[in-house]
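The values are calculated or read from the model by the stated rules, or taken from the named source; none is laboratory data. What you are looking at is a predicted structure, and each value in this text was computed from that prediction instead of being measured. When we count neighbours, we look across all protein chains shown, and the Cβ atoms used for this are built from the backbone with ideal geometry, even at glycine. SASA here: full protein model, heavy atoms, side chains in, ligands and nucleic acids out. Shrake-Rupley method; radii C 1.70, N 1.55, O 1.52, S 1.80 Å.
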Amino acid sequence: QVQLVESGGGLVQAGGSLRLSCVASGGTFRMYNMGWFRQPPGKEREFVASISGGGGRIYYPDSVKGRFTISRDNAKNTVYLQMNSLKPEDTAVYYCAADPTLLRGDWTTWDYWGQGTQVTVSS
């Protein structure tokens, strides 16, 4: 099994930036695809970004493409989400996820999850 711990959330003004980090333990990090999901208040969890084990394949939805960047450092067992040009609609609890197979599947099929970190973007 894999344990994931997110950090880096907080309060930021619209147009600002945050970088989220997720540290993994309990597995071979290189073998796992990593993803970020978010859950806005009153809404369902949604896909934000994913990256393959070696970093060669990356996916974003249109809602964040061009603003968010996912990356990973396998030597540090860490995946990052750099968020720029933040908008109020980006406000959500952000979750780190890991799966040995999935890159773009719905959130219910990803195997491992962190506890989440709150991101709030004020107007």
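Tabulated values for the structure
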| item | result |
| --- | --- |
| Looking only at region 78-89, and only at residues there that are under 19 Å from residue 115 (Cβ atoms) and not aliphatic (A, V, I, L, M), the one that is surrounded by the most Cβ atoms within 10 Å (Cβ to Cβ) | 80 |
| Pair list, Cβ under 9 Å, 6 or more apart: region 101-115 residue surrounded by 14 or more Cβ atoms within 10 Å (Cβ to Cβ), other residue of a type in the set (Val, Ile, Thr) and in a helix (DSSP H, G or I) | 102/109 |
| Boolean, residue 53 is open to solvent by 60 Å² or more (accessible area, probe 1.4 Å), farther than 17 Å from residue 9 by Cβ, of a type in the set (Gly, Ala, Ser) and at pLDDT 95 or above | no |
| Residue satisfying all of: in region 56-76; open to solvent by less than 60 Å² (accessible area, probe 1.4 Å) and of a type in the set (A, V, I, L, M); nearest to residue 25 (Cα to Cα) among these | 70 |
| Filter result for the condition that a residue is farther than 16 Å from residue 118 by Cβ, modelled with pLDDT of 95 or more, of a type in the set (Ser, Thr, Tyr) and in contact with a Ser or Thr (Cβ under 9 Å, 6 or more places away or on another chain), over 59, 94 | 59 |
| Top-ranked residue in region 22-38 [being in contact (Cβ under 8 Å) with a residue 60 or more places away in the chain and open to solvent by 20 Å² or more (accessible area, probe 1.4 Å); ranked as nearest to residue 100 (Cα to Cα)] | 32 |
| Conditions (1) in contact with a helix residue (DSSP H, G or I) (Cβ under 8 Å, 6 or more places away or on another chain); (2) over 17 Å from residue 55 (Cα atoms); number of the one not met by residue 94 | (1) |
